[in-house]
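Structure, as structure tokens:
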Amino acid sequence: MRKILRMFFVLLLMLAFFLIMSFRSGDRRERGSVAGSGSAMGDISQYGITHTEDAEQPEEEGQAMEAEKDMRTAVSVENIETFRVSREQIRISWPDSQDSLVREYIVMRQDFPGRNPGGWQVVERVQSRGESTGEAYTVTDQLETREPGQYAYRVDVEVADEAMYTAASGREILASNVKICIDPGHYAGVNAIEGPDAYGYAEGDFTLKIARELARLLKEEYGVDSCMTRESKSITLGGYTDVELDSRHIVLRGEYAAREDCDLFLSIHTNANEEGANGYDTSMQPVSINKSLLIVNETARKSDLVLEICNGVGTNLSLVNYRMGLSTGSRFDTAARGSIRQWTKEYNDSLDTPGTVVYRKGNSGDDYYGVLRGAASTDTPGVIIEHGLHTIPEVRKAAQEDLAVKWAEADAYGIAYGLGFVQEITMPDREISETGE
């Protein structure tokens, strides 16, 4: 029995050995097959063919790098302001809120429109302080000419960490070396109309609305700075207020332009007529009486540039009035030195007559209007803009809507035209009829 068990045990050992050897032999064949495959691939590679995975790896890395770049945060200066210091200087300022991201600020200028074919020029480079302190940066640009000019400015940056951030061009803003003094005629409540069709109109209130809108448009649309003789219902200059500045001391309004170093004085008004003109009630005149008048002082009469401003303003005011049904004609008679019409009551109250540039003299031979005398005393060109007659009910009604904005747009565009900032004398507004009467 023991002999049989020994033989059975030996047989089991032999079977186990056989199975182990068979398994090892199969594993070597499998490895050989894989090795042969690798050898074949190596042979093919000598003809310039590489393994697909190896070929795609650099491209994938490049795409990843590009994606990483695209994820960088763009840094730019969006909040920029300009201020006309003088005819030779413009100040540019911007906040320091991005100092931690910026290594250097670059102030750029382009003469506009098209004075410099070379494009943008570097005005100044400013090193970042590295952290925000709340103190704005300021750069003063020294201009090459005193001639009225329009410029575009922007502030570019060089970022501190190019791996995290990328530089983008700053927001562009228009500026100019021109400054205008805007005088909203009279003061609150002056020349108020009474009656059933008054529509609550008072010239002293409406002129302030026009003036505010004009100041905004000049700066935002054309880069022209301005100041105002009053910014509220009341006016105070030289220790005088309201009625005193509308009578005995009215010249102070015109003199204010020189105090603020302005290049032009504009007094904003609406016109009136004689009592019972044309056989109508004084404040119930027909639209056929309406016309835009620009009254110039002695200094302005000698300036081709100011007369071009007057022509631009008058042309566009006449078109606006005609389009809005506030006059019977859209024509404005432009003027030049030596051909300026003298104001008369008859012309002022005439029907179906175009507006134009006029002058008016007092008994002494000086400018009739005190505001214009004040400006002339400091050799400042002065203009009274009589936008239209407030003695027309339709005008007073339109004043309750958007008339102040439309008149301010005409004023601003006409000023830009006279300064050479726009080329066409009429506003590019599809709603304005340019066909005339």
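The values are calculated or read from the model by the stated rules, or taken from the named source; none is laboratory data. From a predicted model like this one, the values you see are computed outputs, not experimental measurements. Cβ sites come from the backbone with ideal geometry, for glycine too, and all protein chains shown count toward neighbours.
Quickly run through the stretch 338-363 and pick out the residues that are buried (at least 17 other Cβ atoms within 10 Å of the Cβ) and closer than 15 Å to Asn278 by Cβ.
Asn348, Asp349, Thr353
What residue, of Ala257, Ala277, is touching a Leu at 6+ places or on another chain (Cβ under 9 Å), crowded, with 16+ Cβ neighbours inside 10 Å and touching a residue at least 24 places away in the same chain (Cβ under 8 Å)?
That would be Ala257, the only listed residue that is touching a Leu at 6+ places or on another chain (Cβ under 9 Å), crowded, with 16+ Cβ neighbours inside 10 Å and touching a residue at least 24 places away in the same chain (Cβ under 8 Å).
Within the stretch 87-113, which residues are surrounded by fewer than 15 Cβ atoms within 10 Å (Cβ to Cβ), under 17 Å from Val139 (Cβ atoms) and in contact (Cβ under 8 Å) with a residue 60 or more places away in the chain?
Glu88, Gln89
Yes or no: the stretch 396-408 includes at least one residue that is assigned to a loop (DSSP other than H, G, I, E, B) and within 23 Å of Trp343 (Cβ to Cβ).
no
All but one of (1) more than 34 Å from the chain's Cα centre (by Cα); (2) of a type in the set (Gly, Ala, Ser); (3) within 22 Å of Ile210 (Cβ to Cβ) hold for Gly362, so report the exception by its number.
With (1) more than 34 Å from the chain's Cα centre (by Cα); (2) of a type in the set (Gly, Ala, Ser); (3) within 22 Å of Ile210 (Cβ to Cβ) applied to Gly362, the lone miss is (3).
Run Ala412 past the list (1) modelled with pLDDT of 95 or more; (2) not assigned by TED's automatic domain parsing to the domain that holds Ala202 and report the number of the one that doesn't hold.
The failed condition is (2).
Find the helices (runs of 4 or more DSSP H) located wholly in the stretch 284-392 whose residues include 1 or more that are in contact with a Ser or Thr (Cβ under 9 Å, 6 or more places away or on another chain) and closer than 24 Å to Arg253 by Cβ, and list them.
Output list reads 298-301, 304-323, 370-377.
Here are some residues: Leu245, Leu217. Which one is among the aliphatic types (A, V, I, L, M), surrounded by fewer than 23 Cβ atoms within 10 Å (Cβ to Cβ), touching a residue at least 40 places away in the same chain (Cβ under 8 Å) and outside any strand (DSSP E or B)?
After applying the criteria, what remains is Leu217.
In the stretch 195-214, which residue that is in contact (Cβ under 8 Å) with a residue 12 or more places away in the chain and assigned to a loop (DSSP other than H, G, I, E, B) is farthest from Ala416 (Cα to Cα)?
Step by step, filter the stretch 195-214, then rank; the result is Gly195.
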